[in-house]
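Trainee: Quick one: the structure is below, questions incoming.
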Amino acid sequence: QVQVVESGGGLVQAGGFLRLSCAASGSIFSILVMGWYRQAPGKERELVASFTRAGSTNYASSVKDRFAISKDNAKNTVYLQMNGLKPEDTAVYYCNARDFNKNYWGQGTQVTVSS
């Protein structure tokens, strides 16, 4: 089993920045991919960015030039640096960890970008 806990959401003006953190615990050795998803009201949950155990990254095209995912292996933590935030980035952001068997989700953290 894996547990993930997010932190770092909040309210920010357009053009501003936030950094989200996701701390993993439990069977972290089994994690294959960690990443961030988001879900805006009335929309489906979508991938924002992810990090494989091999070190490759994947970004949604809408955030590729503004967001950066990174990790601190010593702290078992994945970060999402979000720069140049836009009102359309407003959503609940969820941390995700995936092993061979299942997906693990955090409780979500709200990011609100005002215009």
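Trainee: Name the residues in segment 93-115 that are free of Cβ contacts under 8 Å to residues at least 60 places away in the same chain and either under 17 Å from Glu46 (Cα atoms) or within 13 Å of the chain's Cα centre (by Cα) (or both), would you?
Mentor: Hit for segment 93-115 is Asn103, nothing else.
Trainee: Go through segment 16-31 and give me each residue that's in a loop (DSSP other than H, G, I, E, B) and modelled with pLDDT under 95.
Mentor: Ser27, Ile31
Trainee: Could you say whether any residue in segment 61-68 is at pLDDT 95 or above, outside any loop (DSSP other than H, G, I, E, B) and under 15 Å from Arg98 (Cβ atoms)?
Mentor: No; the residues of segment 61-68 include none that is at pLDDT 95 or above, outside any loop (DSSP other than H, G, I, E, B) and under 15 Å from Arg98 (Cβ atoms).
Trainee: Can you run down the residue pairs with Cβ atoms below 8 Å, 6 or more apart or on separate chains, where the first is in segment 53-70 and without any contact (Cβ under 8 Å) to a residue 40 or more places away in the chain and the partner is loosely packed, with under 13 Cβ neighbours inside 10 Å and aliphatic (A, V, I, L, M)?
Mentor: Note: pairs meeting the criteria are Arg53/Leu32.
Trainee: Looking only at residues in segment 77-92 that are in a loop (DSSP other than H, G, I, E, B) and under 14 Å from the mean Cα position of the chain (by Cα), which one is nearest to Lys43 (Cα to Cα)?
Mentor: Thr90
Trainee: Within the group Gly55, Gly8, Gly16, which residue is open to solvent by less than 60 Å² (accessible area, probe 1.4 Å) and in contact with a strand residue (DSSP E or B) (Cβ under 7 Å, 6 or more places away or on another chain)?
Mentor: Gly8
Trainee: In segment 19-52, what residues are surrounded by 14 or more Cβ atoms within 10 Å (Cβ to Cβ), farther than 18 Å from Pro87 by Cα and free of Cβ contacts under 8 Å to residues at least 24 places away in the same chain?
Mentor: Within segment 19-52, Thr52 is the sole residue that qualifies.
Trainee: Right, something else. Across segment 63-115, which residue is surrounded by the most Cβ atoms within 10 Å (Cβ to Cβ) among those that are over 19 Å from Val5 (Cα atoms) and aromatic (Phe, Trp, Tyr)?
Mentor: The extreme case among them is Phe67.
The values are calculated or read from the model by the stated rules, or taken from the named source; none is laboratory data. Not measured: the values here are computed from a predicted model. Reconstructed Cβ throughout: ideal geometry from the backbone, glycine too, with neighbour counts over all protein chains shown. Heads up: the accessible areas ignore ligands, DNA and RNA and are worked out on the full protein's heavy atoms, side chains in. Shrake-Rupley method; radii C 1.70, N 1.55, O 1.52, S 1.80 Å.
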